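To start, the structure itself, in structure tokens.
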Ligand code: KG4
Ligand code: ZN
């Protein structure tokens, strides 16, 4: 079984073909970073136009690299939300048109489901597992119980953690995107120099909050003498921020593990999984690996290229759904918001993240 997947929900135009032997036959990811860099963030209109311009050639390249034509596919999947609606419409419209023309099933995929099922593509992870999804747009803890069965234990009450990395980096005068630049700057820094808050740490529950941490960085920067920040202040602040963010993620994940362990009806977890762009951060990975080890759990962090947005995760989620016979109608709508767990209680201020 072979499925084509299309991802256009943010600033990557991506497509891939995967098969049911867990093989990625081809995967093409075009980052729009250069289009958005002048603005210091993703501009929805710029993103939608770039998807429109690049998706056709990327689809041709993806099929050519897999050595396949449309008739060889068993299904065509696309991210149908949540995300920037212009881009999502470009991807779903292309997928529907190809599915209609070739008489193939269409699969409307929730972008978060793509991230959530990736460890099954990369590591053959068995259900259930705990997923910490940490990206520029999302910060959630989910129990992945089966295909289409996701239980959200916590989400952010304000910023996503990647967004906080990006804003803190901007404050420090670092390049966009901020996460990787901040991690590089932190390598020369002392993480104990600034005592930054660890929001919600020690409190019950599994929700996150990062806006206070970002504000604390801003206040320290504002107190510096006029002119550019010194190299050491940038390095020390970057290291202190990174340590605080990693501590906060680890504390909330620890609570989630305890919560699931104490649920009488829950099946024991098989692994702790981290996914999303922030999963690239070595400090974050190390703390989570140690936490998993302390709980006797396997720790899975998919390879970086499959942690950040890509087409293979959408193709794989499509394949998992197709295997269950869950096909979508061609009038399925693109959705800017689409919570993975419809039963999750809304968190104040977090509507845009769901
Ligand atoms: O998953 P992703 O590629 O896109 C979505 O947001 O869906 O994640 C991008 C986010 C950005 O906020 C970026 O700054 C952050 O992931 N990021 C990092 C690192 N690499 C990427 N944050 C911290 N450390 C990193 N090494
Ligand atoms: Zn994503």
(request) Report yes if residue 123 is at pLDDT 95 or above and away from ligand 2 (no atom under 16 Å from the Cβ), otherwise no. (result) yes
(message) Test of understanding: among 182, 200, which residue is at positive phi, touching a residue at least 12 places away in the same chain (Cβ under 8 Å) and buried (at least 20 other Cβ atoms within 10 Å of the Cβ)?
(response) 200
(request) Sort through 294, 312, 289 and tell me the only one that's modelled with pLDDT of 95 or more, touching a helix residue (DSSP H, G or I) at 6+ places or on another chain (Cβ under 8 Å) and on the phi < 0 side of the Ramachandran plot. (result) 312
(message) For the list (1) in contact (Cβ under 8 Å) with a residue 12 or more places away in the chain; (2) away from ligand 2 (no atom under 16 Å from the Cβ); (3) within 20 Å of residue 334 (Cβ to Cβ), I need the number of the one condition that residue 82 fails.
(response) (2)
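Pull up the range 138-149, narrow it to residues that are surrounded by fewer than 24 Cβ atoms within 10 Å (Cβ to Cβ) and in contact with a helix residue (DSSP H, G or I) (Cβ under 7 Å, 6 or more places away or on another chain), then point me to the one that is farthest from residue 200 (Cα to Cα).
Within the range 138-149, the subset surrounded by fewer than 24 Cβ atoms within 10 Å (Cβ to Cβ) is 143, 145-149.
Going one step further and asking which of them are in contact with a helix residue (DSSP H, G or I) (Cβ under 7 Å, 6 or more places away or on another chain), we end up with 143, 147.
Details: 143: 21, 147: 31 Å.
Per the criteria, the residue is 147.
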(message) Looking only at the range 300-346, how many residues end up being under 19 Å from residue 144 (Cα atoms), more than 20 Å from the chain's Cα centre (by Cα) and surrounded by fewer than 16 Cβ atoms within 10 Å (Cβ to Cβ)?
(response) 5
(message) Just the residues that are assigned to a helix (DSSP H, G or I) and either crowded, with 24+ Cβ neighbours inside 10 Å or without any contact (Cβ under 8 Å) to a residue 12 or more places away in the chain (or both), please, taken from the range 94-112.
(response) 95, 97, 111, 112
(message) Between 271, 258, 275, which is surrounded by fewer than 24 Cβ atoms within 10 Å (Cβ to Cβ) and more than 20 Å from residue 201 (Cβ to Cβ)?
(response) 271
(message) If the requirement is being within 30 Å of residue 186 (Cα to Cα), part of a helix (DSSP H, G or I), touching a helix residue (DSSP H, G or I) at 6+ places or on another chain (Cβ under 6 Å) and touching a residue at least 12 places away in the same chain (Cβ under 8 Å), which of these qualifies: 279, 317, 243?
(response) 279
(request) Please work out which residue is nearest to ligand 2 (Cβ to nearest atom), limiting yourself to the range 299-314 and to residues that are closer than 10 Å to residue 122 by Cα and outside any helix (DSSP H, G or I). (result) 302
(message) On the basis of being buried (at least 22 other Cβ atoms within 10 Å of the Cβ) and in contact with a helix residue (DSSP H, G or I) (Cβ under 8 Å, 6 or more places away or on another chain), does residue 18 make the cut?
(response) yes
(request) Can you confirm whether the range 290-298 contains a residue that is more than 22 Å from residue 146 (Cα to Cα), in a helix (DSSP H, G or I) and within 16 Å of ligand 1 (Cβ to nearest atom)? (result) no
(request) Please enumerate the residues belonging to the range 255-267 that are free of Cβ contacts under 8 Å to residues at least 40 places away in the same chain and in a loop (DSSP other than H, G, I, E, B). (result) 263, 264, 265
(request) Could you grab me the full set of residues in the range 3-31 that are without any contact (Cβ under 8 Å) to a residue 24 or more places away in the chain and within 14 Å of ligand 2 (Cβ to nearest atom)? (result) 31
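The values are calculated or read from the model by the stated rules, or taken from the named source; none is laboratory data. These numbers were taken from a predicted model, which means no experiment stands behind them. Cβ sites come from the backbone with ideal geometry, for glycine too, and all protein chains shown count toward neighbours.
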